[in-house]
Amino acid sequence: MVICESLTVPKENANGILSYLLKCDMVRKDLKINNDPENVHIPLKRAVAIEGASNGKLNFHRRNLQVPPVERVNLNLKKMGIKSKFPEKFIKLGDSLFIKESRMPIFPREVYSMAAEEFQASSIYLDRGIGESPIREPDVVLLWGEGGTTVHEENGIFYSFDPTKVMFSPGNVNARIRESRETLDNMTVVDMFAGIGYFSLQVAKGSQGGKVYACELNPNSYSYLVKNIEKNRLGKSIVPLPGDCRLSTAGVSADYILMGHFDSLNFLSAALRMSHKGTLINMHILCDTSSLNTHWQKIQEKASHLGYLIDFKNQNVVKSYGPHLWHVSTKMVVSRTL
Ligand SMILES: C[S@@+](CC[C@H](N)C(=O)[O-])C[C@H]1O[C@@H](n2cnc3c(N)ncnc32)[C@H](O)[C@@H]1O
């Protein structure tokens, strides 16, 4: 217990006064607030007079405050006599830590092992982005640790992958979760750009009685796709198809088509070929702010040149992709086929 300045506030006024005090940075967050049947006792950094509340000194229990790992790393750096700070922005997938190369100062090796311990990470990677090739290979370099396969759990699905060989976009989390909520029972789904199963695994987990054909061109991604189907016990509902989706889907008739590639417009004819009246097509597209509400007209025009009619259904912004640039997922429905 610790004795400290306190403010005793009648319960009915407590929320408003507490939020005001928090805003003014007056509350001791390392101590627990006390309650009795009528009043709330707030531990304060210094005495403050507020109408309807009374000041005093009271005993408070300590709160078990967790210091965030980045702060612990920076405290250690100070003790080691190192002036540079560890980047505040990072991504943790499984037990791997990813830091953008532009943010990472050059540290002596012992700093990485100390940081790995604080973050409970087995590997630290420098993230230099994603390459321009159609198979979207990452430019990720192992900085510290053993590397190899990392396993990231998201929305009840285990994604295993080698971050130096295949991409994983944490910013697409909402798009992945949305796929698990689609009502696709007994439907045939084609994921034309499945990668390691980003969408396919969520779709299969969220629906019953259907089939998901998961196409993947990059052999590294394909081998993780197969592993992930097994790991998540979804072998009954997902059929992995290696190679180019334009060829591997021959003969498939789809109720729902996922096109998780920014070049998806160039694959529209392949998608339409496996569609029927009512097929839903979900295209992931990069689009600038000025065309956010009109860009699908280009998709409609292209479809109509190919002899199909498609209608706009809805659209979600997945994430910002740069200044005035958006990653959107646009759903269209096929209303007439050849
Ligand atoms: C951008 S990634 C998928 C990203 C994913 N939608 C997400 O949420 O992070 C696209 C995948 O499509 C694969 N790909 C590219 N062209 C392909 C093709 N013609 N047929 C099948 N897969 C292809 C790439 O290898 C890559 O794994």
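The values are calculated or read from the model by the stated rules, or taken from the named source; none is laboratory data. Note that the structure is predicted; figures quoted are calculated from it, not measured. Please note: Cβ atoms are built from the backbone with ideal geometry, for glycine as well, and neighbour counts cover all protein chains shown. The area values use the complete protein model at the heavy-atom level, side chains included, leaving out ligands, DNA and RNA. Shrake-Rupley method; radii C 1.70, N 1.55, O 1.52, S 1.80 Å.
The figures follow:
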{"item": "Selected residue (criterion: farthest from the ligand (Cβ to nearest atom)) from residues of the range 86-133 that are more than 20 Å from N74 (Cβ to Cβ) and among the acidic types (D, E)", "result": "D95"}
{"item": "Selection within the range 152-178 - within 8 Å of the ligand (Cβ to nearest atom) and touching a Pro at 6+ places or on another chain (Cβ under 9 Å)", "result": "V166, M167, F168"}
{"item": "Whichever residue in the range 273-290 is open to solvent by 30 Å² or more (accessible area, probe 1.4 Å) and not hydrophobic (A, V, I, L, M, F, W, C) and, among such residues, is nearest to the ligand (Cβ to nearest atom)", "result": "R273"}
{"item": "Helices (runs of 4 or more DSSP H) contained entirely in the range 172-280, each with at least 1 residues that are more than 29 Å from E301 (Cα to Cα)", "result": "173-181, 200-206, 219-231"}
{"item": "Residues located in the range 202-228, provided they are more than 10 Å from the ligand (Cβ to nearest atom) and either in contact with a Phe, Trp or Tyr (Cβ under 7 Å, 6 or more places away or on another chain) or in contact (Cβ under 8 Å) with a residue 60 or more places away in the chain (or both)", "result": "K227, N228"}
{"item": "Whichever residue in the range 179-201 is surrounded by 18 or more Cβ atoms within 10 Å (Cβ to Cβ) and of a type in the set (D, E, K, R) and, among such residues, is farthest from the ligand (Cβ to nearest atom)", "result": "E182"}
{"item": "Subset of the range 139-156 (residues that are under 15 Å from G94 (Cβ atoms) and in contact with a Phe, Trp or Tyr (Cβ under 9 Å, 6 or more places away or on another chain))", "result": "V140, L142, G145, G147, T149, T150, V151, H152, E153"}
{"item": "The one condition in (1) within 30 Å of H295 (Cα to Cα); (2) open to solvent by less than 30 Å² (accessible area, probe 1.4 Å); (3) aromatic (F, W, Y) that Y224 fails to fulfil", "result": "(1)"}
{"item": "Residue in the range 53-75 that is outside the structural domain of I33 (by TED's automatic domain parsing), open to solvent by 50 Å² or more (accessible area, probe 1.4 Å) and small (G, A, S) present", "result": "no"}
{"item": "Residue identified as among the acidic types (D, E), touching a residue at least 24 places away in the same chain (Cβ under 8 Å), outside any loop (DSSP other than H, G, I, E, B) and over 30 Å from Q120 (Cα atoms) among E12, E5", "result": "E5"}
{"item": "Neighbours by Cβ (under 9 Å, 6+ apart or cross-chain): first from the range 229-247, over 15 Å from T188 (Cβ atoms); second more than 16 Å from the ligand (Cβ to nearest atom) and part of a loop (DSSP other than H, G, I, E, B)", "result": "I229/G235; I229/S237; N232/G156"}
{"item": "Residue match in the range 256-272 (condition: more than 15 Å from the ligand (Cβ to nearest atom) and open to solvent by 10 Å² or more (accessible area, probe 1.4 Å))", "result": "no"}
{"item": "Of residues in the range 233-255 being in contact with a Gly (Cβ under 8 Å, 6 or more places away or on another chain) and not β-branched (V, I, T), the one least open to solvent (accessible area, probe 1.4 Å)", "result": "S237"}
{"item": "Listing of strands (runs of 3 or more DSSP E) fully contained in the range 20-120 that carry 1 or more residues being at negative phi and in contact (Cβ under 8 Å) with a residue 60 or more places away in the chain", "result": "91-93, 96-100"}
{"item": "Candidate set from the range 29-50 (those that are out of contact with any Asp or Glu (no Cβ under 8 Å at 6 or more places or on another chain) and open to solvent by 60 Å² or more (accessible area, probe 1.4 Å)); member that is farthest from R62 (Cα to Cα)", "result": "A49"}
